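Below you'll find the structure, written out as structure tokens, and then a few comments.
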Amino acid sequence: MNTPHHNRREFLGLTGASAIGLVGRNLSGSYLFAEREGANLDPRHADLVVFNAKVYTIDSSMPNAEAFAVRGGRFLFVGSTDEAKGFIGKGTQSFDAKQMTIMPGFIDCHNHAGGNVLLYEVLVGNPYEVEFVTIASIIDKLRAKAAKTPSDFWVDGYFFDDTKVKDNRQLNVDDLDQVSKEHPVCVHHRGGHTSYYNSKALQLAGVDKNTPNRMGGTYDHDRNGELNGRVTDRARDVFHNVGKREILTAEQKGLREREGLAYISKQFVRYGLTSVHHEEGDLFALQQVRARGQLLHRVSFETNGDMLEAMIKNGISSGFGDEWIRFGATSEHTADGSFSERTMALSQPYAGTNPPYRGNITETQQDLDAWAERVQRAGIQPNCHANGDVAIDMVLTAYERAQQKVPRRDVRPKITHCTLVNDDLLRRMKALGAVPAPFTTYAYYNTDKFHFYGEERMKWSMAYRSFFDAGIKAAAGSDFSPGPFAPLMGIQGVVTRTGWNGETWGANRRITVDEALQVNTINGAYNSHEEAFKGSITPGKLADFVVLADDPHTIGPDKIRDIEIVRTVTAGSTVYQK
Ligand SMILES: [Zn+2]
């Protein structure tokens, strides 16, 4: 194969910002109008022809191609450069990709797309990349916030990662007392299952060193038996209704939601994501952002609570919506704790814990059974968060029971994370047609936490190799904010199983670059029953694709995450350009 020696400047020069068009990027009415008015009226002619590219289609009927044509936001033709040029007519945009690599847009099947936190809150860690911070920097940032906050009001910090701290020790209640003794202070671990509180917060919640743990959560102590400020999972419920919080008007809230979504959409396409499964969020704001042409990626909307109830009551099932915003599975119905924060439910206790700690189960089997049955009855794709082997077993039990009571075809019950498996769990998943969305970026980002589990467990964690071997279609679930969402970081992680710190864990579960691309494209589409119209570069499918400066197949596997995303295209329109 010849080396793709591209010249990016040349490529951009040829195509220019206006070539594919930075305007009318969304399916608002005006876009459709513009399409009809401005583009080709001859049905043989395309809106866009890309040629002289290294195209990985992720379509097994034609894995490689040189070129493709796009019309009306969909792929019209995929094949050779010569043939593709036949689709060029008056008004067709065309560009020579100069042998750059092109593949389908990436799909993230588990993401808490909290753009408003990124915009409006204090971030005490780096959301996107590995970065170490000092405890002093956390205290400083929160002090600055406290200085602007009336006493008794909460002061919160986000994106904390307990193993990305230069001080090499745990954050504790004394640190947070240095922020303020007048304000309740909370530092949220980016994993979402543990938080750190100051004395004022503990006091307001009525928690002292003698407070017993609650079902599904713990109040942690130091060696002397004093509270250390760390509280896990459901034990945090007692903090919800204490202290004061800024009250926003409906208008202010709406504005923040819209700005947050528009902001995070830009971040997604910057990293090559063209479809993201949103864990809940503000559906109204999402539609407004779309109407304004600011939604650059497609959304599989996953929900729970009131909205799920409304769906069940009113007969709205998974798949309702269109190609931009569509109801997918439920949002994650949580059965256990967290992998990164070491609270997931394990059959064998965590090493070195006394009394033996096996993690947190956050739901009874009975409740889980009833929930799964109800969702299945409503024709909605169920989705449970299960990390540990104990929780995955519980979730499969609930899914198996629901399928027996209410048999349905092709349910694809989803298991978010599905981290620690074994042969029996794999067999049951295959039999049920379950679709897991395990962590991908963790294999690079979180290797500093794997020693808590040890190599034996890591051999069975994020076990992509096993999923492929068992014929289970595993997708990618970054779980942002817990994990960074960069798909190329995830691909490098699952291909190498080597982290930022050089440690390799569970090398036996490595997959190939081709398999990792499937995980991040077609398997993601399958995860939400959308493989008929997205996830590969195939005639008739949505024209969502990314242009990369290098080929992950030929560059060193430890350099995949550094590959530059040159361009991201959704529905044939450029939504990001380097
Ligand atoms: Zn999650």
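Residues that are more than 16 Å from the ligand (Cβ to nearest atom), touching a residue at least 24 places away in the same chain (Cβ under 8 Å) and assigned to a strand (DSSP E or B) are absent from the stretch 366-379. Number of residues in the stretch 123-138 that are of a type in the set (Val, Ile, Thr) and either out of contact with any helix residue (DSSP H, G or I) (no Cβ under 7 Å at 6 or more places or on another chain) or surrounded by fewer than 17 Cβ atoms within 10 Å (Cβ to Cβ) (or both) equals 3. Has the stretch 506-514 got any residue that is under 28 Å from Leu118 (Cα atoms) and in contact with a strand residue (DSSP E or B) (Cβ under 8 Å, 6 or more places away or on another chain)? No, the stretch 506-514 contains no residue that is under 28 Å from Leu118 (Cα atoms) and in contact with a strand residue (DSSP E or B) (Cβ under 8 Å, 6 or more places away or on another chain). Of the candidates Asp233, Asp237, Asp222, Asp208, the single residue that is in contact (Cβ under 8 Å) with a residue 60 or more places away in the chain and either buried (at least 20 other Cβ atoms within 10 Å of the Cβ) or not β-branched (Val, Ile, Thr) (or both) is Asp233. Selection of the stretch 131-166 for residues being modelled with pLDDT under 95 and out of contact with any strand residue (DSSP E or B) (no Cβ under 8 Å at 6 or more places or on another chain) yields Ser151, Thr163. The residue of the stretch 475-491 that is surrounded by the most Cβ atoms within 10 Å (Cβ to Cβ), among those that are away from the ligand (no atom under 16 Å from the Cβ) and farther than 9 Å from Thr441 by Cβ, is Ile491.
In the stretch 112-147, the qualifying residues are those that are within 30 Å of Phe301 (Cβ to Cβ) and among the hydroxyl-bearing types (Ser, Thr, Tyr), and the one that is nearest to the ligand (Cβ to nearest atom) is Tyr128. Any idea which of (1) within 15 Å of Ala437 (Cα to Cα); (2) crowded, with 24+ Cβ neighbours inside 10 Å is the one Ile472 doesn't satisfy? Against the list (1) within 15 Å of Ala437 (Cα to Cα); (2) crowded, with 24+ Cβ neighbours inside 10 Å, Ile472 comes up short only on (2). In the stretch 432-441, the count of residues that are among the aromatic types (Phe, Trp, Tyr) and more than 16 Å from the ligand (Cβ to nearest atom) is zero. Cβ-Cβ contacts under 6 Å between residues 6 or more apart (or on different chains), taken from a first residue in the stretch 527-551 that is under 19 Å from Asp322 (Cα atoms) to a second residue that is at pLDDT below 95, are absent.
If a residue counts only when it is touching a Ser or Thr at 6+ places or on another chain (Cβ under 7 Å) and farther than 30 Å from Ile555 by Cβ, which strands (runs of 3 or more DSSP E) contained entirely in the stretch 91-207 have at least 3 such residues? Before you say what the answer is, go through the steps one by one.
Numbers: elements: 93-96, 101-104, 106-111, 155-160, 185-189, 194-197.
In the stretch 91-207, the matching strands (runs of 3 or more DSSP E) lie at 185-189.
The residue list Phe301, Phe327 contains one member that is at pLDDT 95 or above and either under 28 Å from Phe159 (Cβ atoms) or in a loop (DSSP other than H, G, I, E, B) (or both), which is Phe301. For beta carbons closer than 7 Å, sequence separation of 6+ or different chains, a first residue in the stretch 259-283 that is more than 26 Å from Met103 (Cα to Cα) and a second that is away from the ligand (no atom under 16 Å from the Cβ) and acidic (Asp, Glu), the qualifying pairs are Asp282/Glu257. For beta carbons closer than 9 Å, sequence separation of 6+ or different chains, a first residue in the stretch 479-497 that is in contact (Cβ under 8 Å) with a residue 24 or more places away in the chain and closer than 11 Å to Leu273 by Cβ and a second that is more than 16 Å from the ligand (Cβ to nearest atom) and basic (Lys, Arg), the qualifying pairs are Ala486/Arg561; Leu488/Arg561; Gly490/Arg561. Is it fair to say Ser151 is touching a Cys at 6+ places or on another chain (Cβ under 8 Å), touching a residue at least 24 places away in the same chain (Cβ under 8 Å) and among the polar types (S, T, N, Q)? Judged against the criteria, Ser151 is not a match. Filtering the stretch 380-393 to residues that are out of contact with any helix residue (DSSP H, G or I) (no Cβ under 7 Å at 6 or more places or on another chain) and within 13 Å of the ligand (Cβ to nearest atom) leaves Asn383, His385, Asn387. Across the stretch 475-513, the number of residues qualifying as of a type in the set (D, E, K, R) and over 20 Å from the mean Cα position of the chain (by Cα) comes to 3. The residues in the stretch 74-111 that are surrounded by fewer than 18 Cβ atoms within 10 Å (Cβ to Cβ) and within 16 Å of the ligand (Cβ to nearest atom) can be counted, and the count is 0. Looking only at residues of the stretch 275-287 that are out of contact with any Leu (no Cβ under 8 Å at 6 or more places or on another chain) and part of a strand (DSSP E or B), we find that the one that is farthest from the ligand (Cβ to nearest atom) is Ser275. Out of Ile316, Ile312, Ile392, one residue alone is in contact (Cβ under 8 Å) with a residue 24 or more places away in the chain and either surrounded by fewer than 23 Cβ atoms within 10 Å (Cβ to Cβ) or in a loop (DSSP other than H, G, I, E, B) (or both). It is Ile312. For the stretch 444-474, the set of residues classified as free of Cβ contacts under 8 Å to residues at least 60 places away in the same chain and either within 15 Å of the chain's Cα centre (by Cα) or within 15 Å of the ligand (Cβ to nearest atom) (or both) consists of Met462, Ala474, listed by residue number.
Selection within the stretch 395-431: residues that are part of a loop (DSSP other than H, G, I, E, B) and under 23 Å from the mean Cα position of the chain (by Cα). The member of this set that is surrounded by the fewest Cβ atoms within 10 Å (Cβ to Cβ) is Arg412.
Out of the stretch 208-238, which residues are among the hydrophobic types (A, V, I, L, M, F, W, C), assigned to a strand (DSSP E or B) and farther than 17 Å from Asp162 by Cα?
Leu227
Taking the stretch 559-578 as the range and being part of a helix (DSSP H, G or I), in contact with a helix residue (DSSP H, G or I) (Cβ under 6 Å, 6 or more places away or on another chain) and surrounded by fewer than 23 Cβ atoms within 10 Å (Cβ to Cβ) as the test, only Arg561 passes.
Annotation: Glu302 fulfils all but one of (1) in contact (Cβ under 8 Å) with a residue 60 or more places away in the chain; (2) in contact with a Gly (Cβ under 7 Å, 6 or more places away or on another chain); (3) surrounded by fewer than 23 Cβ atoms within 10 Å (Cβ to Cβ); the unmet one is (3).
The values are calculated or read from the model by the stated rules, or taken from the named source; none is laboratory data. Remember, predicted model here, so these are calculated numbers, not experimental data. Cβ coordinates were reconstructed from backbone atoms using ideal geometry, including for glycine residues, and neighbour counts include every protein chain displayed.
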